[in-house]
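Student: If you scroll down you'll find the structure; I have some questions about it.
The values are calculated or read from the model by the stated rules, or taken from the named source; none is laboratory data. Small disclaimer: the values here were computed from a predicted structure and weren't measured. Here the Cβ is made from the backbone with ideal geometry for all residues, glycine too, and neighbour counts use every protein chain on show.
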Amino acid sequence: MDNPNIDYIQLNDADTIGAVFQERVKRSPDATAYIQYDEEREVWQETSWSEMAQLVARWQAAFRNENLRPGDRVAIMLRNCREWAIFDLAAQCLGLITVPLYTNDRPENIGYILQDAGIRLLLLENNEQWQELQQIRNQLAGLNRIVSLHKVDPMGLQPHLVSLEEWLPDQTNDGLQVIDVASKDLATIVYTSGTTGRSKGVMLSHHNILWDIESGVKVIDIYTTDTFLSFLPLSHTLERTVGYYLALMSGAATAYARSIPQLAEDLETIKPTILVSVPRIFERVYAKIQDKLESDSAIARGIFNLAVETGWTHFEFQQGRSSWSPKLWLWPLLEKIVARKIQDKLGGRLRIAVSGGAPLSPDIAKVFIGLGVPILQGYGLTETSPIISANTHENNFPASVGRPFPGIEVKINEHEELLCRAPNVMMGYWNNRNATSEVIDADGWFHTGDKAKIEDDYIFITGRLKEIIVMANGEKVPPADMEMCIAMDSLFDQILVLGESKPYLSAIVVLNPEHAQILGLNPGNISEQQMQELLARINNHLDNFPGYAKIIRVTVLGEPWSVENGLITPTLKLKRKNILERYAKEYDEMYIGH
């Protein structure tokens with residue numbers, strides 16, 4: 001740690017989240033901790049670590065008034081904001097267990113979590129959420145307190161409901177309180193937004209989370225001068241660990257994006273150095289780039305493609321995987337006239353762009369990396385706090401998910417499944433020993449459920465054990481890989497490949513409304529000729545798959561799949577079973593006569 005801009009709080013210094021916060025306030029009292037947009041004043045407002053300590057102390061006083069004891073569960077259902085961190089830090093410092101909820105989750109799932117975890121107190125955001133929760137009114141009865149960030153209409157139904165303004169004491173003379181809890185005590189229960197079945201509560205200890213971060217910073221430097229832009233839901237463990245607790249341990253600042261629609265504007269305003277994202281965000285930017293290129297001249301497209309290829313050659317040369325090429329003389333010019341424009345759209349200072357949560361297409365990774373956007377793809381699960389592996393600046397192999405973090409053991413079993421053993425593996429599933437024993441074996445190996453291969457210590461994810469379609473002829477195809485290739489076409493917003501035990505593959509697709517309108521495609525009235533053209537367009541993206549991996553029939557939908565209608569998870573993964581159940585009639589019609 002010779003670099004003065006590196007100031008990690010190590011496990012030896014503080015081994016619980018509350019202790020880490022206390023140590024951070026002590027080390028960096030006047031440094032910026034959080035940046036948030038004030039909608040009333042229409043300005044970005046900064047909060048220092050010492051100011052955070054005062055706010056947290058006030059929230060702790062409110063918690064103490066509720067007679068909550070260490071080990072009690074409290075739930076939070078807010079969009080990313082400074083108050084999310086204040087609530088969590090106040091809870092962690094008092095030994096409470098935080099249970100994050102997705103703001104756009106279905107009420108019935110929220111009700112299940114509230115009951116399963118035995119939640120004592122719930123913090124929600126606004127009247128819209130409160131109205132939605134009326135669908136599970138009976139399941140709210142067991143809560144001691146419901147706090148709303150903004151005032152809501154109680155409708156006379158909930159005596160325990162108060163606004164944040166009413167809940168917080170006017171002032172408190174008590175300073176920050178950090179009670180003594182063990183590092184291996186439970187810190188949080190994170191309910192997985194599974195693609196099938198009931199959500200399971202992943203139990204993570206303070207040690208699970210902080211050990212994972214400490215392992216990561218051994219290979220990827222984070223500076224006190226870094227600024228994170230937080231926009232993935234904090235209820236998602238990737239954002240919470242990397243975009244929140246990592247910043248806390250390293251003393252970096254975190255800015256909260258206003259919304260996904262305003263993300264492009266916020267990137268240019270905040271100019272972050274670190275961005276934590278999922279592939280879908282990069283896919284959308286890529287689609288916009290491709291759209292613009294279609295309307296550009298052939299010369300402009302040629303220059304763009306030359307910039308990507310030259311930038312990629314420059315990247316491979318820097319990584320030591322290719323020899324020097326004369327065309328590298330062109331890179332400074334191409335970077336200035338092409339790549340810099342893309343970099344500036346992302347703020348112009350981006351040092352690390354993390355991609356996790358799902359595989360990123362190598363072709364898309366190549367475009368961004370070729371344009372000088374430093375994408376580092378990683379891999380992990382909620383159950384592993386969450387990171388198992390990641391690429392680094394020095395060793396970045398974009399087709400892989402990187403090498404395991406120091407201290408993490410990995411191996412491939414006889415089913416080609418990736419197994420992991422390390423201190424970041426969860427304590428188990430809350431109230432579910434059977435599910436725990438299914439994924440953590442007697443020797444402590446966690447079974448990820450992902451198929452993989454390991455070459456030169458790099459991990460390559462090759463598919464899901466349970467997401468392989470076995471056709472009637474015995475041929476096997478990976479639907480997620482096919483969907484990823486097809487989704488690179490900006491015409492297709494969402495796609496599900498089907499065909500288990502069937503003689504051929506079919507697909508259900510949701511078209512991009514703007515592109516569909518330009519092409520004269522009405523989802524409710526697709527002509528036979530248009531259907532054949534769509535099929536040809538889909539299959540053009542599948543040239544690298546075997547001949548039997550072609551789509552023969554397709555159903556076009558008018559309604560997009562969303563979290564609200566229960567067809568995708570909050571991290572934008574398809575709920576294959578739910579979609580198939582919802583459109584069982586359409587699925588059957590694609591196989592009539594076969």
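Student: Write out, first by first residue and then by second, each pair whose Cβ atoms fall under 7 Å of each other, whose residues are 6+ apart or on separate chains, and whose first residue, in the range 327-355, is at positive phi while the second is in a loop (DSSP other than H, G, I, E, B) and buried (at least 19 other Cβ atoms within 10 Å of the Cβ).
Tutor: Gly347/Pro272
Student: Out of Glu455, Glu528, which single residue is under 25 Å from Asn391 (Cβ atoms) and surrounded by fewer than 14 Cβ atoms within 10 Å (Cβ to Cβ)?
Tutor: Glu455
Student: Any idea how many residues of the range 134-186 are more than 21 Å from Trp84 (Cβ to Cβ), of a type in the set (D, E, K, R) and assigned to a loop (DSSP other than H, G, I, E, B)?
Tutor: 6
Student: Moving to a separate point now. Among what's in the range 272-298 and is among the hydrophobic types (A, V, I, L, M, F, W, C) and outside any helix (DSSP H, G or I), pick the residue that is nearest to the chain's Cα centre (by Cα).
Tutor: If we take residues in the range 272-298 being among the hydrophobic types (A, V, I, L, M, F, W, C) and outside any helix (DSSP H, G or I), then Val278 is nearest to the chain's Cα centre (by Cα).
Student: Please go through the range 12-42 and pick out each residue that is more than 15 Å from Gly251 (Cα to Cα), at pLDDT 95 or above and within 27 Å of the chain's Cα centre (by Cα).
Tutor: Asp15, Thr16, Gln36, Tyr37, Asp38
Student: Here's something else I'd like to know. List the strands (runs of 3 or more DSSP E) inside the range 352-399, counting only whole elements, that have at least 3 residues being buried (at least 23 other Cβ atoms within 10 Å of the Cβ).
Tutor: 375-380, 387-390
Student: While we're here: Quick one: what pairs do we get from the range 288-304, first residue in contact (Cβ under 8 Å) with a residue 24 or more places away in the chain, second not in a helix (DSSP H, G or I), C-beta under 7 Å, 6+ apart or different chains?
Tutor: Final answer for the pair search is Gln290/Ser490; Asp291/Ser490.
Student: Determine whether the range 256-271 contains at least one residue that is among the basic types (Lys, Arg), within 22 Å of the chain's Cα centre (by Cα) and part of a helix (DSSP H, G or I).
Tutor: no
Student: Let me ask you something else. Identify the residue in the range 558-594 that is of a type in the set (A, V, I, L, M, F, W, C) and either farther than 20 Å from Asn104 by Cβ or not assigned by TED's automatic domain parsing to the domain that holds Pro479 (or both) and, among all such residues, is surrounded by the fewest Cβ atoms within 10 Å (Cβ to Cβ).
Tutor: Ile592
Student: Quick one: which residue in Leu168, Leu157, Leu164 is surrounded by fewer than 19 Cβ atoms within 10 Å (Cβ to Cβ), at pLDDT 90 or above, among the aliphatic types (A, V, I, L, M) and more than 30 Å from Thr382 (Cβ to Cβ)?
Tutor: Leu168
Student: Somewhere in the range 50-64, is a residue hydroxyl-bearing (Ser, Thr, Tyr), within 22 Å of Ser235 (Cα to Cα) and touching a residue at least 24 places away in the same chain (Cβ under 8 Å)?
Tutor: no
Student: Right, another one. Tell me, please, whether a residue that is at pLDDT 95 or above, assigned to a loop (DSSP other than H, G, I, E, B) and buried (at least 21 other Cβ atoms within 10 Å of the Cβ) can be found in the range 432-442.
Tutor: Among the residues of the range 432-442, not one is at pLDDT 95 or above, assigned to a loop (DSSP other than H, G, I, E, B) and buried (at least 21 other Cβ atoms within 10 Å of the Cβ), which makes the answer no.
Student: Can you confirm whether Gly118 is without any contact (Cβ under 8 Å) to a residue 60 or more places away in the chain, on the phi > 0 side of the Ramachandran plot and more than 25 Å from the chain's Cα centre (by Cα)?
Tutor: yes
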